[in-house]
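Derivation of every value follows stated rules applied to the coordinates shown; laboratory data play no part. All of these numbers come straight from a predicted model, not from anything done at the bench. We place every Cβ from the backbone using ideal geometry, glycine too, and count neighbours over all the protein chains shown.
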Amino acid sequence: MSAHPTAVQGTLDDLGTPLREVDFVVVDLETTGGSPHSCEITEFGAVRVRGGRVVGEFQSLVRPRDAIPPFIAVLTGITDALVAQSPSVASVLPAFLEFAHGSTLVAHNAPFDVGFLRRNAEVLGLPWPRFPVVDTARLARRALTRDEAPNCRLATLARLFRTEAEPCHRALADARATVGVLHGLLERLGSLGVRSLEELLAYSSRVPDAVRRKRNLADGLPGGPGVYVFRDAQGRALYVGKATDLRTRVRSYFTAAETRRRMAEMVVVAERVDAIPCPTLLEAEVRELRTIRALQPRYNRRSRASRGETWVRLTDEGFPRLSLSREPGDRAALGPFTSRRAAEAVVAALHDAVPIRRCTIRIPVRRPPTATPCALAGLDRCGAPCDGSESLEAYAVHVDRLQLAVLADPGDLVDRLDRRLGRLAEQQRYEEAAAVRDRITALVRAAARWQRVTALTAVAELVAARPAALGGWELAVVRGGRLAATAVAARGVDPYVVLGAARLTADAGAGPATSEESEIVLRWLERPGTRLVASSEPWCSPARGAGRLRRWLGETDRSADPFADTRGLGTVGA
């Protein structure tokens with residue numbers, strides 16, 4: 001083994017985009033005032049530079065709809081007569097966007113110029129390209145001392161860097177002067193190690209120094225999908241996340257792209273980042289969930305959510321009642337709900353539709369009950385099993401009806417509630433009607449979710465495949481709703497060989513799958529293009545299940561797809 005460290009050549013991804021390869025479009029606008037909402041553009045000026053050389057210029061006067069204010073005309077020399085024959089902004093802005101295509105925008109006090117450009121694009125219905133933006137004024141404030149530049153006005157910086165063009169409140173001249181300022185600042189920042197566009201954007205952004213100093217934590221991380229874990233000096237997990245590209249995602253925590261205050265606090269505490277590469281984004285999504293549940297990192301919201309899960313279930317007694325629990329129990333249950341309010345809405349819906357008891361007393365089965373019935377009995381909302389008015393067999397009918405709604409067909413219960421909703425609306429009791437409507441929606445959504453999940457968990461083993469982004473196939477082995485293995489068969493490789501190895505090495509798992517993990521797997525399976533390769537038994541949902549009640553499900557029921565496919569539920573191909 002060699003005593004000398006082996007040199008490893010960095011990749012372009014490690015280096016970022018070298019500044020000499022970046023096209024900068026330095027832009028300056030003259031306007032009729034300071035507000036992009038009430039004022040108009042009177043002149044465009046822009047210079048495109050690459051590698052320190054000018055490769056193109058753009059200049060045009062613009063005819064505003066309203067008269068140019070006198071003090072603006074005095075300041076800029078642009079008068080109504082000068083722009084009388086000029087094109088409108090509707091003609092000039094598309095030409096400018098074409099000139100600036102694929103570039104990084106640069107401006108002095110960029111929020112002003114970019115604000116006018118974005119506003120006019122919005123008014124004209126033009127899509128706004130997501131330009132990276134560099135503000136030379138902000139850059140100067142960070143790179144220069146007060147002794148060098150008492151202020152960061154364009155004229156002051158132009159004198160400092162001895163630019164060829166002098167700013168004079170005309171768009172092209174000011175843009176040319178800003179080019180000289182930009183090059184002077186880049187030369188200054190080069191000595192500080194800023195040599196790529198990504199480093200320039202990070203330097204000019206308002207990133208705390210304590211966060212910026214931690215960017216070395218991303219060094220050496222692999223690319224590709226996976227899970228990352230931020231840890232403190234004692235090795236305790238602070239935050240767990242997933243990524244399509246581990247290196248790029250972790251780097252973003254040390255730039256202005258990360259705007260969450262708690263994440264900035266977390267980065268300051270972090271001392272290292274562990275990476276878990278995964279062959280597919282599906283596996284990364286599932287591993288993130290499992291890792292959060294195992295480590296309970298304090299900066300993950302999901303850590304707190306998993307501790308607060310609530311289930312709606314039947315109690316285990318002769319005359320069962322509905323209760324809220326941290327566990328699903330052995331009977332049909334709905335959940336988990338991360339909001340207790342949502343769980344209570346489902347309980348209220350079931351109570352409205354089924355005369356199941358609400359009291360908490362223990363009703364004996366082997367001897368006659370002697371309790372005094374509550375007011376619900378007089379309202380025909382309960383059969384009063386507490387005083388013997390309703391037998392065990394009669395009460396069991398209600399329990400069976402409730403379990404049928406949860407497991408297979410909630411249609412009868414929903415029809416009952418819908419009729420009540422109609423009566424309340426006819427009586428103009430709109431607040432009560434709205435409450436019933438919300439309860440129906442909560443019940444149908446919860447039942448649909450539970451039926452989809454249990455249909456998958458009932459299958460001992462299911463194997464599916466879908467086309468990979470770079471060719472070949474993504475393969476997944478699912479056992480009891482739990483992800484057991486994933487693999488990628490590259491283009492030209494027999495996918496059945498890769499699949500055989502994946503099945504042999506699949507995770508046997510510990511305990512049943514959580515409903516959240518099964519839902520992640522379901523979203524992957526239901527994406528258009530996914531193919532069912534093998535299944536140990538039929539994978540099917542109830543024919544008259546809650547999923548058919550589209551009126552109550554609505555589009556808002558669809559969870560965000562972590563695989564970036566928002567076209568809704570797809571059909572698994574044969």
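Using C-alpha pairs under 8 Å with a sequence gap of at least 6, the mean separation divided by the residue count of the chain gives a relative contact order of 8 percent. Every Cα-Cα pair in the stretch 459-538 was counted, and those over 22 Å apart are 19% of them. Per residue, the chain reaches -12000 deg cm²/dmol at 222 nm when only DSSP H runs of four or more residues are counted, each adding -39500 (n - 2.57). FRET efficiency for the pair residue 216 and residue 497, taken as 1/(1 + (r/R0)^6) with r the Cβ-Cβ distance and R0 = 51 Å, rounds to 0.80. Fully extending the segment from residue 82 to residue 371 would add 94.5 nm, taking 0.36 nm per residue of separation and subtracting the current Cα-Cα distance. By the count of neighbouring beta-carbon atoms within 10 Å, fewest first, 82, 157, 417 end up ordered 82, 417, 157. Axis of helix 495-504 versus longest Cα principal axis of the chain: the two differ by about 60°, to the nearest ten degrees. Where both residues lie in the chain, what percent of DSSP beta bridges are antiparallel, nearest 5? Once the DSSP bridges in the chain are tallied, antiparallel ones form about 90 percent. In this structure the amide hydrogen of residue 40, modeled in the peptide plane, comes within under 5 Å of the amide hydrogens of 32, 33, none closer than 5 places in sequence on its chain.
Across the stretch 374-470, the mean sequence separation of Cα contacts (distance under 8 Å, 6 or more residues apart), normalised by length, yields a relative contact order of 20 percent. Taking trypsin sites (Lys or Arg not before Pro) across the stretch 451-506, the ones in a DSSP loop with at most 12 further Cβ atoms lying within 10 angstrom of their Cβ are 491. Comparing Cα centroids, the stretch 16-64 and the stretch 366-424 end up 72 angstrom apart.
Relative to the current alpha-carbon distance between residue 339 and residue 188, full extension at 0.36 nm per residue lengthens the span by 49.0 nm.
Max-minus-min Cα coordinates of the chain on each principal axis give 102, 78, 47 Å, with the largest extent listed first. Modelled spin labels at residue 252 and residue 166, positioned 7 Å past Cα toward Cβ, are 4.7 nm from each other.
Restricting the chymotrypsin sites (Phe, Trp or Tyr not before Pro) of the stretch 479-545 to loop positions (DSSP other than H, G, I, E, B) with no more than 16 neighbouring Cβ atoms within 10 Å leaves 539.
Rounded to whole numbers, the Karplus 3J(HN,Hα) couplings from phi for the stretch 543-550 are 4, 10, x, 5, x, 7, 8, 4 Hz, using 6.51 cos²θ - 1.76 cosθ + 1.60 with θ = phi - 60°, and x at Gly and Pro.
Here residue 389 and residue 315 are evaluated by their C-beta separation; at R0 = 22 Å the FRET efficiency comes out at 0.65. Annotation for the stretch 344-422: GluC sites (Glu not before Pro) lying in DSSP loop with at most 11 further Cβ atoms inside 10 Å of their Cβ do not exist.
Counting 0.36 nm for each residue step from residue 358 to residue 431 and taking away their Cα separation leaves a gain of 23.9 nm.
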